[in-house]
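The values are calculated or read from the model by the stated rules, or taken from the named source; none is laboratory data. All figures in this text were calculated on a predicted structure; none of them were measured in a lab. Reconstructed Cβ throughout: ideal geometry from the backbone, glycine too, with neighbour counts over all protein chains shown.
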Amino acid sequence: VAGVEVIQARLREASSLAELLAVSFDAFEAIRVLARSSEDTVPGLFAALMTTADAAVDGREAITIAPSLSWAPGSTPFASPAAADPGIETITDALAALGALLNEGWPMLRSVRPYRATVWRAQKPPGRPAESIS
Amino acid sequence: MTAVFGDFLRPAGEHITAAVSIRDDRSAEAAFGVIPQFGRLLSTLARYVGDLPVPDEFEAAMAGSLSPEAQTALDARIALRRGTQSLRHAMNSLGDVVIDDSHPAVRHLSAAADFLAAGRDLLQTHFTNGPRGARRDRSYWAQVITSRPVTAALLGELADCALQLGPWAARLLVAGTMERGVPAATLLDLHTASHCTWVAGATVQSAQRNHPPTADACRLLSAIPANFPPPRVAPSGREQVRELCDGVVITAERLRQAALRFAPYARWPPTATSVTWRKDALASAIISHASQVILRTLTERAKQLAAGAAIGTQLHNAADAMSQTWPQWRAITHHWDILSTGIYRGTGTSAVATEFGDLVLRIGRLAYRNEHWTPACGDTSLIRDLADLAPALSDMISVMAAVHTAADAVTCIAIEDREAVYTAATGCQLYMPTRLLPDGCDVPFPYTPALQSRADALLAGYDTALKASTGVTTALDDLAVATKATTSALALARQASTAQAQGRDGQRRTLRFAQSRSTAAGNDVAGGSPRHGQAKNPFLLMRGGGRPGSARTLTK
């Protein structure tokens, strides 16, 4: 699937926490867009793809509040594949591959959780209460 | 199973009939034993009539003319209260006479009083007292209970009881067993009580002679359930079709009750989060999609079972209506992909989410062959065989009832969620991730306020989804009534409740809602000047045009 390979490469090459968070954000967005674009294709996979897209939103939202993630706009928008492009099997393979890569990257994020919490408290926006990162 | 009003009303009537049909000569002690039980019965009947939504005596006198139904209820109430007072006086004037509680008539009357009191308690579970003591609805059945047809049916049942008790009590005096050593005042009080009881029954009977309660209203009255959630039955993964259907009915009932119980809190943080509403929309989409699969399967099966052309057509219509519903719910989930209420505080799984999860599993397992099906199941879900889903016509009706209750629960949740989302939207609580904005927007927060157009589209999506869900429940209501399914009571209840809302305060409620919406829209159009000390809230700043150009560039 066009674009997925690029995100996969970025995920593998991420060398810092900020970079990993940024590319993870884009990866979750890619999963969401891919799953949404395929919801209608096979009725038997409707629930699975809906759930996948929803889980991708959960993942993206979890990353959004990470203090090490740059808040600046500029996430690389993932283009929804054209109808004639890949088959459902190609898309589900791409989803699975992205999911597996994200799973590999997350231990690194979990290991720095106290750091993230500290940074978050320091950087909390004015007028908003401190949030726990959990 | 949840207890229903009929479980108490029926035996109460049977005990009264049994008591008044005992013709043997009772001793004076037994006759004295009857008086307290008669008093309990009369007092309970008076409380029933006192609960009816009619003006009290003073309000009625001030109001001028009342409707015939209200006047009947008021007359019956006055008569029963007077009878109760007389019996209370009779009890006091009896002194310390010896009472025999073992006589069958006394026991029957006692049991009838117990059943009637328990039945009233059941009805009262649907109401609560407001801050000023006024009665408030606590369930979706509350408006059914106070609806005109059900009120008439209840009055009719109470009148039947009174018409049996009044003449029978009068016979106690004629028999003469009481006259030995009983004060004249007691006899006079008993005479008054029996007369008042008869008057109450006769008043209702004569008023209902030309317009008796309908059979549907009587059925609905008997079907009113206690307002307690049935215990949760967690999906086991080994449930067969019948168990799945029973489980769907239980889960849907628990979901309905949970939705209403948490509705007052659902509009305020920390429970008011987009995560809850997003998950609800997701569950609604999956349930509607699987329900469509089930209804299509049943349509085919109805042909094989020769269920009749009418049933086949209604099933087909219901399936069509369902096919209009899930795309609307899916569209709402798409809106929630971008929108949120900001930082999720992680309050844990709500009661509604748990029940919704159970409902998704059960409806999905009804639709598909895999008995361990989950929405996240990676394999393609294969649809159940026709004969496996509904081996016989009765099974088909059970499955239809399950889909009906699930659709009803989805609609109930949708109504509550829509209100909560509306509150969030008008309260400037909808955001989107800053990173999803185009380059060049300088917003120093992880989230930025959502554009009004996005919020409007979300609310419009809820309106459309709600309309589609209502269409489905209407189609399934018709089907349930036509097939005499167990959920036909749900259909009748909705009819009564709708008529009640339209007749009483629907107009006022609609007006209030329209006013609040236009006010909120007006603020937004005007630019949403910063208020409540939230001048730094980027949502308001952006709405007010505080960040030049930024709002315009975010339209995509």
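Could you pull out the residue among B:296, B:362 that is out of contact with any Phe, Trp or Tyr (no Cβ under 9 Å at 6 or more places or on another chain), modelled with pLDDT of 95 or more and more than 11 Å from chain A (Cβ to nearest Cβ)?
On the way: B:296 fails: more than 11 Å from chain A (Cβ to nearest Cβ).
Sole residue among the options that is out of contact with any Phe, Trp or Tyr (no Cβ under 9 Å at 6 or more places or on another chain), modelled with pLDDT of 95 or more and more than 11 Å from chain A (Cβ to nearest Cβ): B:362.
Need the failing condition index for residue B:338 against (1) closer than 25 Å to residue B:462 by Cβ; (2) within 26 Å of the chain's Cα centre (by Cα); (3) surrounded by fewer than 24 Cβ atoms within 10 Å (Cβ to Cβ), just the number.
Only one criterion in (1) closer than 25 Å to residue B:462 by Cβ; (2) within 26 Å of the chain's Cα centre (by Cα); (3) surrounded by fewer than 24 Cβ atoms within 10 Å (Cβ to Cβ) is unmet by residue B:338, namely (2).
Please find, among B:398, B:381, B:340, B:350, the residue that is more than 26 Å from residue B:278 (Cα to Cα) and of a type in the set (Ser, Thr, Tyr). Break it down stepwise before answering.
Numbers: B:381 fails: more than 26 Å from residue B:278 (Cα to Cα); B:340 fails: more than 26 Å from residue B:278 (Cα to Cα); B:350 fails: more than 26 Å from residue B:278 (Cα to Cα).
After applying the criteria, what remains is B:398.
Could you check, for the stretch B:372-380, whether at least one of its residues is surrounded by 21 or more Cβ atoms within 10 Å (Cβ to Cβ), under 17 Å from residue B:329 (Cα atoms) and either within 14 Å of another protein chain (Cβ to nearest Cβ) or not basic (Lys, Arg) (or both)? Steps first, please.
Going residue by residue through the stretch B:372-380, those that are surrounded by 21 or more Cβ atoms within 10 Å (Cβ to Cβ) are B:373, B:375.
In the following step, the residues that additionally are under 17 Å from residue B:329 (Cα atoms) were identified as B:375.
Next, from what is left, pick out any that are either within 14 Å of another protein chain (Cβ to nearest Cβ) or not basic (Lys, Arg) (or both): B:375.
Within the stretch B:372-380, one or more residues are surrounded by 21 or more Cβ atoms within 10 Å (Cβ to Cβ), under 17 Å from residue B:329 (Cα atoms) and either within 14 Å of another protein chain (Cβ to nearest Cβ) or not basic (Lys, Arg) (or both).
Give just the number: which of (1) away from chain A (no Cβ under 14 Å); (2) within 19 Å of residue B:354 (Cα to Cα); (3) at pLDDT 95 or above; (4) more than 22 Å from the chain's Cα centre (by Cα) does residue B:282 not satisfy?
Result: residue B:282 passes all but (1).
So which of B:438, B:444, B:449 is within 14 Å of chain A (Cβ to nearest Cβ) and crowded, with 24+ Cβ neighbours inside 10 Å? Walk me through it before giving the result.
Working: B:438 fails: crowded, with 24+ Cβ neighbours inside 10 Å; B:444 fails: crowded, with 24+ Cβ neighbours inside 10 Å.
The conditions single out B:449.
Give all pairs with beta carbons closer than 6 Å in which a residue from the stretch A:39-57 that is β-branched (Val, Ile, Thr) meets a residue that is in a helix (DSSP H, G or I) and at pLDDT below 90; count only pairs at least 6 apart in sequence or on separate chains.
A:41/A:88; A:42/A:88
Go through B:169, B:159, B:142 for me and flag whichever is out of contact with any Cys (no Cβ under 9 Å at 6 or more places or on another chain), at pLDDT below 95 and either surrounded by fewer than 21 Cβ atoms within 10 Å (Cβ to Cβ) or within 30 Å of residue B:481 (Cα to Cα) (or both). Talk me through it step by step, then tell me what you get.
Working: B:169 fails: either surrounded by fewer than 21 Cβ atoms within 10 Å (Cβ to Cβ) or within 30 Å of residue B:481 (Cα to Cα) (or both); B:159 fails: at pLDDT below 95.
Selected residue: B:142, the only one of B:169, B:159, B:142 that is out of contact with any Cys (no Cβ under 9 Å at 6 or more places or on another chain), at pLDDT below 95 and either surrounded by fewer than 21 Cβ atoms within 10 Å (Cβ to Cβ) or within 30 Å of residue B:481 (Cα to Cα) (or both).
It is to be established whether one or more residues within the stretch B:279-291 are on the phi > 0 side of the Ramachandran plot and buried (at least 19 other Cβ atoms within 10 Å of the Cβ).
Here is the first cut: in the stretch B:279-291, the ones on the phi > 0 side of the Ramachandran plot are none.
So far as the stretch B:279-291 goes, no, none of its residues is on the phi > 0 side of the Ramachandran plot and buried (at least 19 other Cβ atoms within 10 Å of the Cβ).
Here are B:428, B:412: which of them is modelled with pLDDT under 95 and either within 10 Å of chain A (Cβ to nearest Cβ) or part of a loop (DSSP other than H, G, I, E, B) (or both)? Walk me through it before giving the result.
Values: B:412 fails: either within 10 Å of chain A (Cβ to nearest Cβ) or part of a loop (DSSP other than H, G, I, E, B) (or both).
Answer to the selection: B:428.
Which condition number does residue B:397 fail, the rest of (1) touching a residue at least 40 places away in the same chain (Cβ under 8 Å); (2) out of contact with any helix residue (DSSP H, G or I) (no Cβ under 6 Å at 6 or more places or on another chain) being met?
(2)
Regarding the stretch B:453-463, can at least one residue be identified that is outside any loop (DSSP other than H, G, I, E, B), within 14 Å of another protein chain (Cβ to nearest Cβ) and either touching a helix residue (DSSP H, G or I) at 6+ places or on another chain (Cβ under 7 Å) or among the polar types (S, T, N, Q) (or both)? It would help to see each step written out before you state the result.
Keep residues of the stretch B:453-463 that are outside any loop (DSSP other than H, G, I, E, B), which gives B:453-463.
Filter once more, so that each one left must be within 14 Å of another protein chain (Cβ to nearest Cβ): none.
No.
Starting from the stretch B:360-387, take each residue that is in contact (Cβ under 8 Å) with a residue 24 or more places away in the chain and assigned to a loop (DSSP other than H, G, I, E, B) and list its partners that are among the small types (Gly, Ala, Ser) and surrounded by 16 or more Cβ atoms within 10 Å (Cβ to Cβ), counting only C-beta distances under 8 angstrom and pairs at least six apart or across chains.
These pairs meet every condition: B:375/A:47; B:375/A:48; B:375/B:364; B:384/B:367.
Applying the selection to the stretch A:18-60, what residues are more than 9 Å from chain B (Cβ to nearest Cβ), outside any loop (DSSP other than H, G, I, E, B) and either in contact with a Pro (Cβ under 8 Å, 6 or more places away or on another chain) or surrounded by fewer than 19 Cβ atoms within 10 Å (Cβ to Cβ) (or both)?
A:18, A:19, A:34, A:37
Would you pick out the residues in the stretch B:306-333 that are at the interface with chain A (Cβ under 10 Å from one of its Cβ atoms) and crowded, with 18+ Cβ neighbours inside 10 Å?
The initial filter retains those residues of the stretch B:306-333 that are at the interface with chain A (Cβ under 10 Å from one of its Cβ atoms), namely B:326-327, B:329-330, B:333.
Once the filter is applied, which keeps residues that are at the interface with chain A (Cβ under 10 Å from one of its Cβ atoms) and crowded, with 18+ Cβ neighbours inside 10 Å, the stretch B:306-333 yields B:326, B:329, B:330, B:333.
Any chance you could count how many residues in the stretch B:125-139 are at pLDDT 90 or above and touching a helix residue (DSSP H, G or I) at 6+ places or on another chain (Cβ under 8 Å)? Break it down into steps so the answer makes sense when it comes.
Within the stretch B:125-139, the first condition is being at pLDDT 90 or above, and the residues that meet it are B:125-127.
Filter again for touching a helix residue (DSSP H, G or I) at 6+ places or on another chain (Cβ under 8 Å), leaving B:126-127.
Going through the stretch B:125-139 one residue at a time, the tally reaches 2.
Looking at residue B:485 and the list (1) hydrophobic (A, V, I, L, M, F, W, C); (2) over 22 Å from residue B:316 (Cβ atoms); (3) in contact (Cβ under 8 Å) with a residue 12 or more places away in the chain, which single condition is not satisfied?
Of everything listed in (1) hydrophobic (A, V, I, L, M, F, W, C); (2) over 22 Å from residue B:316 (Cβ atoms); (3) in contact (Cβ under 8 Å) with a residue 12 or more places away in the chain, residue B:485 misses just condition (2).
For the stretch B:173-183, indicate whether the set of residues that are modelled with pLDDT of 80 or more and either under 18 Å from residue B:37 (Cα atoms) or within 41 Å of the chain's Cα centre (by Cα) (or both) is non-empty. First the steps, then the outcome.
Going residue by residue through the stretch B:173-183, those that are modelled with pLDDT of 80 or more are none.
No, the stretch B:173-183 contains no residue that is modelled with pLDDT of 80 or more and either under 18 Å from residue B:37 (Cα atoms) or within 41 Å of the chain's Cα centre (by Cα) (or both).
If a residue must be surrounded by fewer than 20 Cβ atoms within 10 Å (Cβ to Cβ) and at the interface with another protein chain (Cβ under 7 Å from one of its Cβ atoms), how many such residues does the stretch A:61-70 contain? Break it down into steps so the answer makes sense when it comes.
The initial filter retains those residues of the stretch A:61-70 that are surrounded by fewer than 20 Cβ atoms within 10 Å (Cβ to Cβ), namely A:62, A:65, A:68, A:70.
Pick out the ones that are also at the interface with another protein chain (Cβ under 7 Å from one of its Cβ atoms) and you get A:65.
Result for the stretch A:61-70: 1.
Within the group A:96, A:117, which residue is modelled with pLDDT under 65 and assigned to a helix (DSSP H, G or I)? Working first, answer last.
On the way: A:96 fails: modelled with pLDDT under 65.
Step by step, each of A:96, A:117 is checked, and only A:117 is modelled with pLDDT under 65 and assigned to a helix (DSSP H, G or I).
Among the residues in the stretch B:263-278, are any at pLDDT 95 or above, within 10 Å of another protein chain (Cβ to nearest Cβ) and in a helix (DSSP H, G or I)?
Going through the stretch B:263-278, the residues at pLDDT 95 or above turn out to be none.
Scanning the stretch B:263-278 turns up no residue that is at pLDDT 95 or above, within 10 Å of another protein chain (Cβ to nearest Cβ) and in a helix (DSSP H, G or I).
Among the residues of the stretch B:378-386, are any within 27 Å of residue B:485 (Cα to Cα), of a type in the set (A, V, I, L, M) and over 22 Å from the mean Cα position of the chain (by Cα)?
So in the stretch B:378-386, the residues within 27 Å of residue B:485 (Cα to Cα) come out as B:383-386.
Remaining after also requiring of a type in the set (A, V, I, L, M): B:383, B:386.
Still in the list and also over 22 Å from the mean Cα position of the chain (by Cα): B:383, B:386.
Yes, that holds for at least one residue.
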